[in-house]
Structures are given as C-alpha cells and as structure tokens.
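Below is one structure, written out as structure tokens, with a few remarks after it.
What follows is calculated from the coordinates using simple rules that are stated; it is not laboratory data. All values derive from a computational prediction rather than experimental measurement. Virtual Cβ from ideal backbone geometry, glycine too; neighbours counted across all protein chains shown.
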C-alpha cells in the first residue's frame, strides 16, 4: 500500500508518535529533494524510535545530497552498527568515502553491499573507485559486468572507452 503525503500528514496528526509515518514522510520528502524537511522528519523518527536503522541511513543520504559528508558518515556508521547487512547504508557510506577520495574504503563498502544486493549503480561507482585506485583490471571487469546487464549503460561504455585510449 502506498500512502501519499496528505495521507501521512493525516496519520501523523492522529497519531504523532507513529515513527513509521514520520519515516515514510521523510522518505517522500527525500525523493522530492526537500532535504531540510526530510532531515527533520527522519530526526523525529529517530527521536521517537532510536533503533530505527533505516532512518539513520536515510538521514545520512539526505546529508549526502546537501554535501555534508562528515555528518552523513556519522549517521551511516550508526545505521551500520545496528545492522551491518543494510545495503542502503552500505552503498551510501561507499558514496561518502568516494566523495572524500577514500577509494579503498568506498570499494570495501560497495563490495560488501553488492554481495548482498546486486545493483548497477553501485557496481558502476565501484568500477570508478577501482579506476581511481589504478586497479585497471578490476575496473574493466566491473564495467564489463554492467554491460552484460545493461548493454547501453553510458557510464560503463565511457569507462571502457577511457581504457582504450
């Protein structure tokens, strides 16, 4: 069942302590790129239910979108402490490490996440991290794996083209 923002607003008015409604509201605002609002809603989720692991991950993802990587890393680490298998946090933390040019840590998080949940976007980012580390064969293998799944993927095609030069 998919609820709209108006539905969630009604649920929160009727039951303001319902953490899942706040989380879903935050997720909706994150998708709409309303990061401040999403951060507030994920914050309320965590105030109501500090064990809500995905709220840490999405709070961190909103901070990533704002370019606040150190704060995002704190949230993502908290989420992964609570659930080391949560790929949402794993891929997002890999993105933070990539942005901070810590490519080895990015590769580690992408690899762990990909083992649990294959994802073309994360595979592409891992290929780029391998490329930054100078690990050409691993980058090529990832770009080729992407093209087996999505033959017209522009990032993979561009990545292979960089190695042909």
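Tell me which residues, restricted to segment 106-158, are outside any helix (DSSP H, G or I) and over 14 Å from the mean Cα position of the chain (by Cα).
Step one: list which residues in segment 106-158 are outside any helix (DSSP H, G or I), which gives 117-119, 133-135, 150-153.
Those that are outside any helix (DSSP H, G or I) and over 14 Å from the mean Cα position of the chain (by Cα): 133, 134, 135, 150, 151, 152, 153.
Taken over segment 41-52, residues that are part of a helix (DSSP H, G or I) and either free of Cβ contacts under 8 Å to residues at least 12 places away in the same chain or buried (at least 17 other Cβ atoms within 10 Å of the Cβ) (or both) amount to 7. Does segment 66-76 contain at least one residue that is surrounded by 16 or more Cβ atoms within 10 Å (Cβ to Cβ) and under 19 Å from residue 127 (Cα atoms)? No, that holds for no residue. Total residues in segment 122-165 satisfying the condition of being buried (at least 22 other Cβ atoms within 10 Å of the Cβ) and on the phi > 0 side of the Ramachandran plot: the figure is 0.
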